[in-house]
1. On the given criteria, is B:ALA427 without any contact (Cβ under 8 Å) to a residue 60 or more places away in the chain and aliphatic (A, V, I, L, M)?
2. Of the conditions (1) of a type in the set (Lys, Arg); (2) surrounded by fewer than 24 Cβ atoms within 10 Å (Cβ to Cβ); (3) more than 24 Å from B:TRP299 (Cβ to Cβ), B:LYS423 fails just one. Which one is it?
3. Would you tally the residues in region A:237-265 being more than 25 Å from the chain's Cα centre (by Cα) and over 30 Å from A:HIS144 (Cβ atoms)?
4. Being in contact (Cβ under 8 Å) with a residue 40 or more places away in the chain, part of a strand (DSSP E or B) and closer than 15 Å to A:GLN75 by Cβ is the filter here, so list the residues in region A:91-117 that pass it.
5. Given region A:325-364, what strands (runs of 3 or more DSSP E) lie entirely inside it while holding 1 or more residues that are surrounded by fewer than 16 Cβ atoms within 10 Å (Cβ to Cβ)?
6. Could you count how many residues in region A:135-171 are in contact with a Phe, Trp or Tyr (Cβ under 7 Å, 6 or more places away or on another chain) and away from every other protein chain (no Cβ under 11 Å)?
7. Run down A:TYR257, A:TYR200, A:TYR264, A:TYR232 and say which single residue is in contact with a strand residue (DSSP E or B) (Cβ under 7 Å, 6 or more places away or on another chain) and within 14 Å of chain B (Cβ to nearest Cβ).
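The values are calculated or read from the model by the stated rules, or taken from the named source; none is laboratory data. Quick caveat, the model's predicted, so the values are computed rather than measured. All Cβ positions, even for glycine, are placed from backbone atoms using ideal geometry, and neighbour counts span all protein chains on display.
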Amino acid sequence: MKRGYINRIVFGATILLFIAACSNSHEIKSEINRTCAIYPNYMGSTVPYNIAPLNMYTDSIREGFVMVTAKHSDQILYFKIKNNTVKFTPNKWRNLLEANKGHQIQFTFVNSKGEAYRPFIIKVAEEPIDKYVAYRLIEPGFQHWSEMGLYQRDLESFKQSAIIENKNTNYSCMNCHSFGNRDPQNMLFHIRSTEYAGTYVWVNGVMEKLNTKTPQTISALVYPSWHPTNRYIAFSVNDTKQTFYVNNPDKIEVFDYKSDVVVYDVEKHEMVTAPQLFSKASFETFPTFSADGKTLYFCSADSTRMPHNLEQVKYALCAIEFNPETREFGNRVDTLYKSETSSATLPRVSPDGKYLLFTVGNYGNFHIWHKSSNLWLYDINTGECENARRWNSMDVESYHSWSSNSRWVVFSTRRDDNLHTRLFIGYISADGTMGRPFMLPQEDPMHNKRLMKSYNIPEFVNGKIDEKGYEVRNATSAIDLKFATDIPTDMTSGASVKK
Amino acid sequence: MKRYIKKATPVAIFATIWAVLFFCGRYMLYLQEQMQLFQNEWNYFIDNCQYNAGFAQMVSEFFVQFYHLPWLGTMLIAFVITITIYAFKSILIKAGATKGIMPMATTPAIPLIYSLITSECTFSMIQFAIAIWGSALIVQIPSKWRTVVTTVTAPFLFWLCGAPAILLPLFTIIIAINEKCTFKNIAINIIPLIAYLIFGYIGIRVGFIGSFDHFLNHTLHKMTLKTLRDPQPMVMVGWSSAIIIVTLIPILKRVRFSEEQWFNYASQLIILLIMGAVVWCGPDKTYTTGVTIKEYNLWGKLHYLYTQGRYQELLDMYQESAPKGIIESNYINLALYREGRLLDDFFKYSPVGHTSLLTRWADAPFPIAFLWGEVNSEMGYIAKSGQTAYEGNVLSGPRGSSMFTKILVESEIIMRNYKVAEKYITALENTIFYKEWATAQRAFLSDQAVAQNEYYSSKRKCIMKGNQVMALTDELKLMQAIIRTNPKHKSTFNFASLMTLSAGVIPAFREVITSGVESRNFMPPYHKTIQEGIVAAYNQYPVFWNFYKVNTSTQNDYKEFAEALKTRNANPMSTNAIISKNQHRYWFYIETLKQRVEQQQKQGQSTMENLPQSERPNN
């Protein structure tokens, strides 16, 4: 008798709840004539169909819902806003984007009173993005560092895992990770300081530890870029110094006293160079190969007294022929971009060989600390150069990397909070039209508001990278690099040659 | 009687541990709190608990935030350690210990207490405590299920607390041996340990536990204490003693210990206190080589009094004795500055040159980075203040530090970096003890609000124009530039003039004074420090009294003061010696005098040339 009574109450309550849920949940009663501010701001962005859910935070709505309208697939989906946050169900999100490749999706934010804000759209591109992006997480510090590591993030989900952390290597500095053709089996990074110092290179998954300082070079190898065949890696060697501004929001300046460019042959453990890349008269740095591997791009500026003439140093974007068969360089250096008022760095060629993306700032080469720095696009076929305005902001845009299909660019920018670099992903169509970039999505959309570290050197990778800590800790002796031919002393940037 | 002793023992242990911590190291614990930033936020907790030992890390950081109130912090630790002692005791009982062995349950806690006092080992303590608590629960399970449960829960315990979880399979083996010493029983109970080690090995290879606490890096990969970075050696001693005691139970059982509990406990407490005294005088190698714990605790006390705004109490500590080092001098002078007495009383506290105002830069996050952040901020050198605070923040640990974050909030607001200032404010708002301060700063996240606030606006006016890098200038030139940029920012002038004055660098002092006089065309106030200069000058050039129109009564005061100074010559670098060494300090007055004479010339009044030759200062 008693049990029957309780059952009736439970049944009745369930029905009432169901009716309440059906009647009130997704009703729009009125409209608010403005958009609902969201973080991260994905409004109008172009996104790949295989990207993880773009979870969002809004200050305006604590409890409510988001109505997602996809006209192409004739779908209307509703997602809850709870505690100011909307988290899209991964499966629903994936299906929604898959079904709307090449089309727009509309988002309408509705508060608990049924008031709908003005909707906004997100465009879904037809082309996918590489599954992983690798980066370093580090405090945007000055001289010291604490914990840092190289990480990979699955772009189709929110999973981040460590490639290596400096807790594994006695808190050393680790930097300049780079991949050959975005292949996780071909990668390198440097470890500076501690007993693990050296350059660690994986060729087809086999690790080699290198001692890259030679008597002829001014430093160990620094900024890398792989040849498309993975046979060579171009490096700069830099005598670098850091100083601080006493009165500038840019805070830090990093500059070279000297710099040169060399190419490392991974099979022979030899380096080659040319007088045009290794001269005292110029600072040569940031090398990168063309898509066909027959041209080496680099940045060059007239050498001068540093840091006194810091603001006068304007790097030009240059190119020199390279023969992968003979390891010889051409005699002529072509200048692709040169300006009296700006300085070009970090050239990166799209895998389809069509574009060269680089960073332009007012002066110097360490644009990650220059608020003036922006991304520029050079059309290799036409020789035309333009500011990638669609991707740029008032703050820093710096390091960038192309996806395998040349449709996506991931770049670091300080636009989020003026200090910590965040990863943004921009789209460029086959005809060169750029889409509005979006911030790397996080499961908790406020993650980046809390994170006190910067994302550094984003590189697309087309597969998962194995954890490297164990291999590095157990690496034995390092291979000493040498030049294939003698380098005349007067050709070097002042490095002493031991005889 | 026995019953009362039994009931009073936990209280006595708790009280003894609390007393040792409170009297030996409460200010060191306060410093630990200053170098951490725990955020009371669920997502923050989740983020950090995704790693092995992340839970222990979070729990330890939760505890550390209460060190802000030293009495509460010490009580919490005493409570955790007391529970740990009793948890370990239950393990000993299970392992078959007799009553006489029971007091040994306190032994592993002793090194833990000292590791807490000497370094930032709360994390290691919590790791150890969780391992013991977990083990105490699991070993109570009947033997037929214990092996299976240990195998399953050891990796979970490892996830919670990291490497110390190895204690669980080890205790399981020892208890099993005690219960039934057969080959089969031992073989079965070794399974959890083997499984645990395989788990760790695979974890390291695959990388899923290579990210936070290095399991085998601590326990197997590097077995020697010398190469262990963390946990601290004292904590390792705690682990080792726990393992040794449990292992030796079968032997210890045969030794006849006193069954008198009061005797055992009393001896344990006395040992605890004696070790406290030994450690109190011992060196601490955590931060600065050669600094004793006593000294470090003193620095902590100075920092505590300064950050709590108890400046007079800080100064009162040096009424009878002179500061023993630069760090102490720096805190005294900061307190003097806050009290508005820096120029008056600078020489009263036996400064030893310009580093008494700002010690030399060093990599140690505390207290150097704090002092640099604070003093540079007061001097209006905001970029340097922010830079050094950031360095301190990075060196404090992966989650930043409360004291450095506070400085960063201010420097970023002044430098117009509102977005990142807001980020720091949000981080502080998620704390218990900084929430109020942080929320108040939220009101200054705009140019308009800063312009209306005297503190922030006066500092913002110190930002120089142009685009200069530190490598091409020196501190003094920068100070001069700040003085010229914002003449009203008196503290820049005060610090710079005192720095050059106390350094005895007369040309530099003259440059500072010239900058000040040129930029503000003022007659500096007669602070006592400067009056000492007048006293020194008076001995050579009595004409100064006339120029400054000092009445006879005041002249007598100065003379008395000069005599008093002469008696304080115990320290060769004391005030008296400095004054006698730097007679040229009257440059200050000569420069200002020139200004006055020039003014008088303009007004058609008497000039310096009108003075008798004997009364002219020889500059």
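1. No: the conditions fail for B:ALA427.
2. (2)
3. Matching residues across region A:237-265 total 1.
4. A:PHE107, A:THR108
5. Passing ranges, in order: A:328-337.
6. Number satisfying all stated conditions: 5.
7. A:TYR257
Table: residues versus (1) farther than 21 Å from B:GLN34 by Cβ; (2) assigned to a loop (DSSP other than H, G, I, E, B).
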| position | (1), (2) |
| --- | --- |
| B:LEU298 | no, no |
| B:HIS303 | no, no |
| B:ALA322 | yes, yes |
| B:ILE332 | no, no |
| B:ALA335 | no, no |
| B:ASP344 | yes, no |
| B:PHE347 | yes, no |
| B:THR355 | yes, no |
| B:SER377 | no, no |
